[in-house]
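A short worksheet on the structure shown next.
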Amino acid sequence: MLVHDHLRQTAATTPDKTALIVGGARHTFREIDSASDRLAAEFQRLGVARGDRVAVMLENSAEMVVALWATLKAGGVFVPVSTGTRPDKLGFLLADSGARCLVIPDRLNFAGAVADAPALAAVVTVGPEGFAGLAEARPADPGLIDQDLCFILYTSGSTGRPKGVMLTHAAIVNTIWAISTYLGNRPDDVGLCVLPLFFDYGLFQVLTGARVGFTVVLERSFAYPWDVLKRIGEHRVTILPGVPTIFATLLQFAPFDGLDLSSLRVLTNTAAPFPPAHIRRLRMLLPQARIFSMYGLTECTRVSFLDPDRLEAKITTVGRAMPNCEVMILDDEGRRCAPGEVGELAVRGTNLMRGYWRRPEETAAVLRDGDIPGEKWLYSGDLFRMDEDGDLTFVGRRDDVFKCRGEKVSPREIEMVLYEMEDVAEAAVIGTPDPIEGMAITACVVPRAGRQLDMRELRRHCLARLEARLVPSRFEIAGTLPKTESGKITKTRLRAEVAAAPPAAE
């Protein structure tokens, strides 16, 4: 089974079913399958062969989806690139991946980037008419097997140069199956995707839709949330995937007057921990929806999920390993931790990456031998604890944990307490250099729309719920927090911004 076999099978069995809604346009599975066949044949005519990388730099659109399927059908490796990528970074990604072909909007100036990519043989530009003008054709069979690469997904590079995560067809097929199984996806589902398709979480909405045969409503962004949320009622959306910042924005509109959200039956969250306070409010406001708190990382896409039937008892966890996946928690010496002990999460399964593209040393640092001979475990870099039931609680990124007065501080514990305040929309805790404490605990918070936050009240709230050593010594109230294009708060930029700003007066 190859990833694009899902599209071919669904197009054969339900050809006239709507696969994609973008704006006012609807596209059936037959149309997406046919258009991607034509583009795949064109890719092959331009020289794309088995294993060649095709970089696609398009916004969320039907053309982005067609380019995805066409790349795989031609035998290529799909390399999605954000449309916000600077020319110098695009040049790096093209050169590093050795991309054979680039698909890009005709309005963008890419000449400088192409000059830095000696392997690039063809550029396909996309205008207002999309891929119109391609003759009916079907690509030649490139002879792929499921161990061939399917995607190279570049990490954000917040801690250095971007790394390309190599994922095979087998890994992606396994993950699509696992996700659609535990979510209970159905052909009559309608998913609303505001997540960018260069982000694996967004990409999997399209991939899962093709496997199951449900419709995806694709939005270009979440820049105008009210207009996007109206689509839920218009299209009777049943599935809403998001990240904490999206759900924080959704809650700004509570109690949802003027919005029809009654069709929602599944809400999913990953990329960053789901604050329990937000989960509880969503359960109250949308009692018909099942909420899945999940955990994953680009190097293996998805790891765990919390069954909504166990949500009340395990609300602070991200549940257990997904189907066909195994996890363990290891201490600094590589020994398995006892229940309740904090250690690094390691993952084993078909969903693991092949490695980092052209980064053998960095690959060896995270794909390591475990206690099963011949098997590699992915060391996540994330700190967790596992309880006696096998449920995982995220403690923090190794890079985020810092010491204050000699004791370790996990920002997540403090952030979850801040989210309990009704007027807090977003919160992030970082360590900032301090001559006495070493690293001072600094809390950056964003108030809900139309609300105000008082720093003395924030401090009182924390004093009542946290150990004294964990109460922030500095509070910063901001209009927004810096985020990646996928909506995840980026603490690297936040630390730089806080360092450059004078302390706020209380």
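Summary table below
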| quantity | calculated |
| --- | --- |
| Rounded to the nearest 20 debye, dipole of the chain from Cβ charges on Lys, Arg, Asp, Glu | 320 debye |
| Where only C-alpha atoms are counted, convex hull volume of the range 341-413 per residue in Å³ | 138 Å³ |
| Gyration tensor (alpha-carbon) shape descriptor, the range 72-172, a/c threshold 1.5 | oblate |
| Of K17/K73; K17/K483; K403/K483; K73/K376, pairs whose Cα-Cα distance is over 28 Å | K17/K483; K73/K376 |
| Anisotropy class of the range 1-99 from Cα gyration tensor, a/c 1.5 cut | oblate |
| Lys, Arg +1 and Asp, Glu -1 on Cβ, resulting dipole of the range 92-245 about Cα centre, debye, nearest 20 | 280 debye |
| Coil-residue GluC sites (Glu not before Pro) of the range 411-469, DSSP, other Cβ within 10 Å capped at 13 | E422, E467 |
| Gyration tensor (alpha-carbon) shape descriptor, the range 422-485, a/c threshold 1.5 | oblate |
| In the range 1-103, GluC sites (Glu not before Pro) in a DSSP loop with at most 14 other beta-carbon atoms within 10 Å | none |
| Relative counts (whole %) of C-alpha pair distances in the chain, using bins that are 20 Å wide | 22, 56, 21, 1 |
| Kirkwood Rh in Å, taken over all unlike Cα pairs in the range 175-251 | 12.7 Å |
| Span from the the range 278-331 Cα centroid across to the the range 436-506 one, whole angstrom | 26 Å |
| Within the accessible area of the range 182-341 (1.4 Å probe), percent carbon and sulfur | 50 percent |
| Heavy atoms of R302 accessible to a 1.4 Å probe, total area in Å² rounded to 10 | 10 Å² |
| Charge-dipole axis of the chain as Lys and Arg at +1 and Asp and Glu at -1 on Cβ define it, positive-most pick from V173, Q205, G319 | Q205 |
| Hits among aspartates and glutamates - C-alpha to C-alpha of K491 under 17 Å, sequence gap 8 or more where chains match | D382, D399, D400, E413, E415, E426, E476 |
| Cα-based convex hull volume of the range 228-291 per residue, rounded to whole Å³ | 75 Å³ |
| Length added when fully stretched, R26-M1, from 0.36 nm per residue minus Cα-Cα | 6.2 nm |
| Nearest-10 value in Å² for the accessible area of D5, using the 1.4 Å probe | 40 Å² |
| Within the chain, helix-based [θ] at 222 nm, where runs of 4 or more DSSP H residues each add -39,500 (n - 2.57), nearest 500 | -9000 deg cm²/dmol |
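The values are calculated or read from the model by the stated rules, or taken from the named source; none is laboratory data. As the structure is a computational prediction, the values presented were derived from the model and not from experiment. Here the Cβ is made from the backbone with ideal geometry for all residues, glycine too, and neighbour counts use every protein chain on show. Ligands, DNA and RNA are excluded from the accessible area calculation, which covers all protein heavy atoms including side chains. Shrake-Rupley method; radii C 1.70, N 1.55, O 1.52, S 1.80 Å.
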